[in-house]
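Structure, as structure tokens:
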Amino acid sequence: MKGISKSFHGIFANQNINLKIESGEILGLLGENGAGKTTLMNILYGLYQPDEGQIKVNDTPVRINNPVESINHGIGMVHQHFMLIQNHLVIENIALGYKDTPFFFPKNKIRQKVEAFSEKFGFQIDPDKKVWQLSAGEQQRIEIIKALLNGADLLILDEPTSVLTPREIKELISILRQMKAEGHMIIFISHKLDEIMEICDRVVVLQKGKIVGGTDTKNTDKKSLARMMIGRDVVFNINREILEKGKQILSVDRLNVVGDKGLLAVKNISFDLYQNEIFGIAGVSGNGQRELAEAITGIRPVFSGKVKINKKDITNKSPRHIYDMGVSHVPEERIRFGIAPGLFLYDNAILKQHHLKKFSKRYFLKYSRVKNHAKTIVKDFKVATHSINTQTGNLSGGNIQKLILGREISEKPQLLVASHPTYGLDVGATEFLRQHLLELRKQGSTVLLFSEDLEEIFELCDRVAVIFDGEFMAVLDSDDERLCDIGLMMAGSKRI
């Protein structure tokens with residue numbers, strides 16, 4: 001890619017970018033949220049057209065007008081949010097994305113190819129399962145198979161580990177190394193410096209749409225990359241101040257919640273949360289975390305048991321009622337449940353607060369106050385946008401997350417239920433957010449933190465519950481030596 005520039009509404013997303021990759025190489029693309037990484041790759045994949053610049057494949061200039069042409073040039077892309085039809089079978093999704101799918105009996109031919117790829121790369125995928133029944137890691141493998149089936153020499157992976165468990169991340173790394181050994185090229189977009197250092201041969205750093213540096217990973221370290229990316233040193237170890245526990249805020253008593261498949265996803269769970277406390281729930285994705293968070297915040301009905309805030313029963317109350325009782329929520333699926341993508345940024349800044357007197361009078365919104373509130377969130381939480389009048393769906397994933405966090409924290413909630421709050425955030429934004437959660441704790445709020453990032457759990461939490469198959473295996477203080485066995489507990493093989 002030579003001299004690539006792209007702007008939206010007069011604001012540069014990419015400016016005069018030169019990028020190259022050679023056979024058998026893994027290139028890391030690093031940058032803050034909104035630095036232009038995904039835009040650049042969308043140009044290479046044909047989803048956007050550059051305003052200026054040229055793309056060459058095997059030294060031949062090409063114009064890539066759409067993803068079909070990109071695929072024909074041997075370029076495949078696995079997006080951060082998977083492009084799969086949830087209600088269709090695995091084999092049907094692959095057939096839809098395969099350029100040589102036969103008209104008659106397509107499943108027979110596709111099945112043979114899927115089995116061949118699964119054996120070659122060690123994939124364990126049932127082609128006759130529906131996509132919604134699969135874990136995030138399994139869905140990602142479907143996307144990789146779709147790209148390889150179409151002859152991808154270059155595979156672009158956009159934040160590929162954001163939704164994966166530690167075990168799935170190891171499996172992905174193994175797959176990528178095997179692909180590299182066979183001569184494939186991989187562009188790996190990530191915020192996680194450890195992964196960049198482990199996987200990539202070379203790294204290029206973007207900042208505000210421009211390349212600000214690049215080096216071989218063997219010649220650098222995490223601190224140097226972080227400094228290059230955000231222009232300052234990053235604190236990798238945050239000191240958590242010891243605070244005295246306050247009054248009880250949340251009480252969950254023998255809670256049972258039914259999941260989407262009609263089975264109990266949360267089984268007889270009880271715990272209490274107190275002021276000045278961050279309570280972490282650690283576990284592999286799909287063990288009842290989402291259902292527990294949704295039951296507490298009113299999104300999902302409770303089958304049996306009680307949820308109380310300040311000793312007042314909120315079981316099966318509406319989300320608005322629970323919000324008005326002082327409970328904020330950062331949902332796991334930010335685009336599906338956290339925002340209305342088609343509304344302006346300032347609308348999304350008050351989505352759960354529009355009924356408050358400070359933002360509305362009778363049936364009318366006070367737009368001057370709404371917009372000032374939105375500007376404050378954008379400033380305080382460093383949301384990268386050229387205007388509060390932009391559609392929220394046009395923001396990068398990380399900036400959407402910052403907007404949601406700003407909105408949920410702005411009313412100083414008594415309880416913040418945060419599901420994977422640093423998902424998709426760069427290293428600087430992650431540090432910024434973790435400091436905010438500790439500040440919220442210091443101000444007398446309580447945080448219920450759902451996370452698969454054990455570093456985050458150990459760094460922030462006063463107490464940690466380990467969840468497996470909808471049950472707590474243990475609830476331990478942060479300094480408890482038994483936390484050394486957290487991996488075994490997350491796998492369900494040890495209960496304390």
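The values are calculated or read from the model by the stated rules, or taken from the named source; none is laboratory data. If you're wondering where the values come from, they're calculated on a predicted model, not measured in any experiment. Cβ: placed from backbone, ideal geometry, glycine included. Neighbour counts: every protein chain shown.
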Study note, to complete from the structure: Exactly one of VAL235, VAL284, VAL307 is at pLDDT 95 or above, among the hydrophobic types (A, V, I, L, M, F, W, C) and touching a helix residue (DSSP H, G or I) at 6+ places or on another chain (Cβ under 8 Å), and that residue is VAL307
Study note, to complete from the structure: If you go through GLY398, GLY305, the only one that is outside the structural domain of PHE8 (by TED's automatic domain parsing), without any contact (Cβ under 8 Å) to a residue 60 or more places away in the chain and either crowded, with 16+ Cβ neighbours inside 10 Å or within 23 Å of ASP272 (Cβ to Cβ) (or both) is GLY305
Check your understanding: within 22 Å of the chain's Cα centre (by Cα), closer than 23 Å to GLY10 by Cβ and modelled with pLDDT under 90 - does that describe any residue in region 402-419?
Key -> yes
Check your understanding: So VAL204 fits all but one of (1) in contact with a helix residue (DSSP H, G or I) (Cβ under 9 Å, 6 or more places away or on another chain); (2) farther than 16 Å from PRO160 by Cβ; (3) surrounded by 14 or more Cβ atoms within 10 Å (Cβ to Cβ); what number is the exception?
Key -> (1)
Check your understanding: Inside region 175-201, can you point out the residues that are loosely packed, with under 14 Cβ neighbours inside 10 Å and within 23 Å of the chain's Cα centre (by Cα)?
Key -> ASP194, GLU198
Practice item. Find all pairs meeting these conditions: Cβ atoms under 8 angstrom apart; at least six residues apart or on different chains; first residue within region 17-32 and under 14 Å from VAL427 (Cβ atoms); second residue surrounded by fewer than 24 Cβ atoms within 10 Å (Cβ to Cβ) and of a type in the set (Ser, Thr, Tyr). Key: GLY28/SER190; GLY28/THR217; LEU30/SER190
Check your understanding: Mind checking which pairs have a first residue in region 195-222 that is in contact (Cβ under 8 Å) with a residue 12 or more places away in the chain and a second that is among the aromatic types (Phe, Trp, Tyr) and part of a strand (DSSP E or B), Cβ under 7 Å, 6 or more apart or different chains?
Key -> ILE199/PHE188; CYS200/PHE188; GLY209/PHE12
Check your understanding: If you check PHE105, PHE117, which single one turns out to be among the hydrophobic types (A, V, I, L, M, F, W, C) and at positive phi?
Key -> PHE105
**Study point:** Every pair of residues 6+ apart whose Cβ atoms lie under 8 Å, when the first sits in region 45-73 and is touching a residue at least 60 places away in the same chain (Cβ under 8 Å) while the second is among the β-branched types (Val, Ile, Thr) and surrounded by 15 or more Cβ atoms within 10 Å (Cβ to Cβ)
**Key:** TYR45/ILE64; TYR45/ILE75; TYR45/ILE156
Point to revise | Selected residue [in contact with a Ser or Thr (Cβ under 7 Å, 6 or more places away or on another chain), among the acidic types (Asp, Glu) and surrounded by fewer than 18 Cβ atoms within 10 Å (Cβ to Cβ)] from ASP51, ASP59 | key: ASP51
Practice item. Considering only region 14-44, state which residues are crowded, with 22+ Cβ neighbours inside 10 Å and part of a loop (DSSP other than H, G, I, E, B). Key: GLU32, ASN33, GLY34, ALA35, GLY36
Exercise for review: Please specify each residue of region 308-326 satisfying the condition of being buried (at least 17 other Cβ atoms within 10 Å of the Cβ) and closer than 28 Å to THR390 by Cα.
Suggested key: TYR323
Review point. Just checking, how many residues over region 440-478 are surrounded by fewer than 21 Cβ atoms within 10 Å (Cβ to Cβ) and among the β-branched types (Val, Ile, Thr)?
Key: 1
Point to revise | Checklist (1) modelled with pLDDT under 90; (2) out of contact with any strand residue (DSSP E or B) (no Cβ under 7 Å at 6 or more places or on another chain) applied to LYS371, failing item | key: (1)
